[in-house]
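A.B. asks: One structure, as structure tokens, below. Some questions next.
Values quoted throughout were computed directly from the atomic coordinates according to the rules given, and no laboratory measurement underlies them. The structure presented is a predicted model; accordingly, all values stated were derived computationally and were not measured. Cβ: placed from backbone, ideal geometry, glycine included. Neighbour counts: every protein chain shown.
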């Protein structure tokens, strides 16, 4: 799937540049030395992302050092704030942001839905991910999208009804304690990306048009 032009252009941003950009843009003090987890539920803003995942991350802070970038989705900010409570890890929590390149660029691991644009962005930015397909998507297409990255070794696919705090805690703990796996999965994600997808799509359409219509 083609990316928005601004994301395609920004995909080369380094992780440290993105963290610096987040600090400047939002007046926070994220630490580039800490593993960074990005949580976003897409337009659905599901309770898994704003309830179960904060609970999971609160559990993990007992044994791991990390920081979190969380985009709650429209109207879900209060729910997410309440779920995190008085957490001690660095947390940048917003409803949404137009600076998605900074969030994707600054993350080591993303936990998200698996819409077409999200999967394309994760691949283009080379980010390891845990994907939780929206179970009511038309023709279950989010599951197929997630399988693309999971089959390529770049992601874990967790069905929506299996997203318990215990399951997610075990999965995320295994990833957070193994930075090399995160790097390897990020590289595999990059290998699955399709840069300049818009141009390829237009060329494919053009090739199939009668010459009189080109």
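A.B. asks: Distance in nm between label sites at residue 16 and residue 82, each 7 Å beyond Cα in the beta-carbon direction?
C.D. replies: Between residue 16 and residue 82, the label points sit 4.2 nm apart.
A.B. asks: Alpha carbon centre of the stretch 69-84 versus the stretch 13-65: separation in Å?
C.D. replies: The stretch 69-84 and the stretch 13-65 have Cα centres separated by 12 Å.
A.B. asks: Using Cα pairs closer than 8 Å and at least 6 residues apart in sequence, work out the relative contact order for the stretch 22-80, in percent.
C.D. replies: 46
A.B. asks: Separation between the residue 63 and residue 161 pseudo-spin-labels, each 7 Å from Cα along Cα→Cβ, expressed in nm?
C.D. replies: 2.8
A.B. asks: Highest first, please rank the peptides 142-154, 179-191, 100-112 by the mean number of other Cβ atoms sitting within 10 Å of their residues.
C.D. replies: Result, highest mean Cβ count within 10 Å first: 100-112, 142-154, 179-191.
A.B. asks: Please work out the FRET efficiency for the pair residue 170 and residue 55, using the Cβ-Cβ distance as r and a Förster radius of 22 Å; give the result to the nearest 0.05.
C.D. replies: Between residue 170 and residue 55 the formula returns 0.95.
A.B. asks: Still on this structure: Hey, in the GNM for the chain with a 10 angstrom Cα cutoff, which one of 12, 33, 46 fluctuates hardest?
C.D. replies: 33
A.B. asks: Going by average Cβ neighbours within 10 Å, how do the peptides 125-132, 54-61 rank, with the highest at the top?
C.D. replies: 125-132, 54-61
A.B. asks: What is the fewest-to-most order of 81, 76 by other Cβ atoms lying within 10 Å of their Cβ?
C.D. replies: 81, 76
A.B. asks: While we're looking at this one, here's another question. Calculate, axis by axis, the spread of Cα positions in the chain along the three principal axes, and write the results as whole Å, longest axis first.
C.D. replies: The Cα atoms of the chain stretch 65, 37, 35 Å along their principal axes.
A.B. asks: Normalised by the number of residues in the stretch 5-213, what is the relative contact order in percent for Cα pairs under 8 Å and 6+ residues apart?
C.D. replies: Once divided by the residue count of the stretch 5-213, the mean separation gives 21 percent.
A.B. asks: Figure the gain on full extension for residue 96 and residue 28 (residue separation times 0.36 nm, minus the Cα-Cα span) and round it to one decimal in nm.
C.D. replies: Here the segment from residue 96 to residue 28 would lengthen by 22.9 nm.
A.B. asks: Let me know the shape class of the stretch 129-189, please: from the alpha-carbon gyration tensor, a ≥ b ≥ c as square roots of the eigenvalues, rounded when a/c is under 1.5, otherwise prolate if a/b is greater than b/c, or oblate.
C.D. replies: oblate
A.B. asks: Another question about this same structure. Let me have the 222 nm mean residue ellipticity of the chain computed from DSSP H runs of 4+ only, each contributing -39500 (n - 2.57), with the sum over all residues rounded to the nearest 500.
C.D. replies: Calculated mean residue ellipticity at 222 nm is -13500 deg cm²/dmol.
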